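Here the structure comes first, spelled out in structure tokens, and everything after it is commentary.
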Amino acid sequence: MAKKITKICCIGAGYVGGPTMAVIAQKCPGIQVTVVDLNQARIAAWNDPDTENIPVYEPGLSAVVAEARGRNLFFSTNVDEAIAEAEMIFISVNTPTKTYGTGKGMAADLKYIELCARQIARVSKTDKIIVEKSTLPVRTAEAVKSILQNTGNNVQFQILSNPEFLAEGTAVEDLHAPDRILIGGDPTEEGQEALQALVDVYANWVPREKILTTNLWSSELSKLTANAFLAQRVSSINALSELCEHTGADVFEVARSIGTDSRIGPKFLNASVGFGGSCFQKDILNLVYIARSYGLQQVADYWEQVIIMNDHQKRRFGTKIVRTLYNTVSGKKIAFLGWAFKKDTNDTRESAAIYVADDLLNEQANIAVYDPKVTADQIQGDLNYLHSRSEAENSALVTAVTDPYECCKGAHAIAIMTEWDEFKTYDWERIYANMTKPAFLFDGRNVVDRKKLSDIGFKVYSIGK
Ligand code: UDX
Ligand code: ADP
């Protein structure tokens, strides 16, 4: 008989931990859910009396938090206390790509995971089920298990892998009605009991036939594989977009044509300036690193090509802007509409906008950025993180503007970097009237009506047309 869970702790109050725990608390009023994080400012923002100010922007999330917070959902910096009390602990900390040592630029940095495991081992006095929520390289569970079992005080730990498949911007929808929930566990009796306890949590709102159970390693590898397949689709259509531009085919027509084949399907075929986000690149690099570490060179090279294509797509967008603007953007104002890696999120990790901006800044452009949800500090931080130039230079060359019309005023060109819906509703005649002529528009997301804008006078470039 699986143990009935009444207290959950989640370590990490980020883009995954925050929304996931908010929905678990909303759907399971009988379970007390405490989300903890070392970052005090982040926890303070989750506790802001006005739920519109929570640190993660996701449509529908502030309403979920408003419903559950204070009832059975709590945000705290007291990590030890929450660990000690919980029967089930989700580890939802970040696992960025390593920036040092062996596997630099490829492997996942597991230092935050290890710190969590050691903290859990130190604090725990009662048996716990540990759930890996962060995306991890295959066989991480083994390392976590080893730390817990060798430093603990006679406490029993069961490790489960429960990868997250939510996409940012649709997190609440995805959590409410997931395609599937995946849970991996040990085949032992205790392992299966722990697995069942987590199945029972999700079964509060997810139909049981959508809850898949596997062994630990299959579950861990499935997450990397899902992201690799999705990213591969984007790189595949992006590769074709360049060919379309040279042949007169239209990549959106091609995508529509192939998407009607039920074996291919219509989703994830939008050509773009390149995929971003915290998962795709990191997970593929991880997959490539793992394959190489087993000596599987061809497997590694195959998947690495998805990243190489994506880097090319970002770079050729910047190059297109420079070439079109008569081979120089030095001192010219380029307006960026959008900075987030996709619409409906304030997350900018690996956003194509960062890399395109960097290339244009190397050509001494002046960039004005408007994004409805991204702060000026975040934009500067993203550029400073690249270390391409001094912080002073970045802040002199890049300005965040809170009004889109102001952002485009006097610009030589507009670059649409994110597919925010509001861009479709703008008064484009007014924008055109206030720009330097000829006024160029580079649509990296197929957002605007190309014909309508061309009729206004814009010189429009859209990916794949
Ligand atoms: C992804 C996975 O979808 C999700 O299951 C996993 O849990 C985390 O990684 P996310 O990164 O939040 O989610 O967003 P996603 O919608 O997958 O988009 C990733 C990137 O690909 C974005 O930059 C998006 O703009 C781009 N993309 C997506 C395209 O360029 N074209 C498409 O057709 C689809
Ligand atoms: P994700 O997209 O995976 O949710 P984020 O970076 O948004 O990634 O969130 C991860 C969170 O985990 C951060 O807020 C970070 O402060 C937190 N974190 C990392 N290590 C620890 C730790 N040992 N204890 C508590 N919180 C941690």
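Laboratory data are not the source of any read-out in this text; all were calculated from the coordinates shown. Values in this document were obtained by computation on a predicted structure and should not be read as measured data. As a convention, Cβ positions derive from the backbone with ideal geometry for all residues, glycine included, and neighbour counts pool all protein chains shown.
Observations
- Cβ-Cβ distance of residue 99 and residue 429, R₀ of 56 Å, FRET efficiency by 1/(1 + (r/R0)^6): the value works out to about 0.75.
- Förster-model FRET efficiency, 35 Å R0, residue 262 and residue 200, C-beta, rounded to 0.05: 0.50
- Mean Cβ neighbour count within 10 Å, used as a protection proxy, ranking 195-208, 282-295 highest first: 282-295, 195-208
- Chain lengthening between residue 78 and residue 139 when straightened (0.36 nm per residue, less Cα-Cα): 19.0 nm
- Binning the alpha carbon pair distances of segment 308-462 at 10 angstrom intervals from zero yields the distribution 11, 46, 37, 6, 0, expressed in whole percent.
- Charged-residue dipole, Cβ positions (Lys, Arg, Asp, Glu), segment 308-462 about Cα centre, Debye nearest 20: 680 debye
- Two-site label geometry, residue 41 and residue 150: point separation in nm, points 7 Å out along Cα→Cβ: 3.7 nm
- Our helix-only sum for the chain, with -39,500 (n - 2.57) per DSSP H run of n ≥ 4 divided by its residues, gives a mean residue ellipticity at 222 nm of -13500 deg cm²/dmol.
- Alpha-carbon centroids, segment 378-414 and segment 177-255: separation in whole Å: 35 Å
- Unit charges at the beta carbon, dipole of the chain: most positive-side option, 244, 207, 72: 244
- Two-decimal log10 I(q)/I(0) for segment 7-206, as the Debye equation yields it once each C-alpha is a single scatterer, q = 0.08 Å⁻¹: -0.25
- Rounded to the nearest 20, the size of the Cβ-charge dipole of the chain about its Cα centre is 700 debye, with Lys and Arg at +1 and Asp and Glu at -1.
- For residue 245, net neighbour charge (Lys/Arg +1, Asp/Glu -1) across residues whose Cβ lies under 11 Å away: +1
- Counting only whole DSSP H helices of the chain, the ones at least 30 Å long by C-alpha along their axis and with mean Kyte-Doolittle hydropathy no lower than 0.0 are 216-247.
- For residue 225 and residue 384, the difference between the fully extended length at 0.36 nm per residue and the C-alpha to C-alpha distance is 54.1 nm.
- Cα-only radius of gyration and Dmax that characterise the chain, units Å: 23.5, 74
- About its Cα centre, segment 7-206 has a charge dipole of approximately 540 debye under the convention of +1 per Lys or Arg Cβ and -1 per Asp or Glu Cβ, with nothing else charged.
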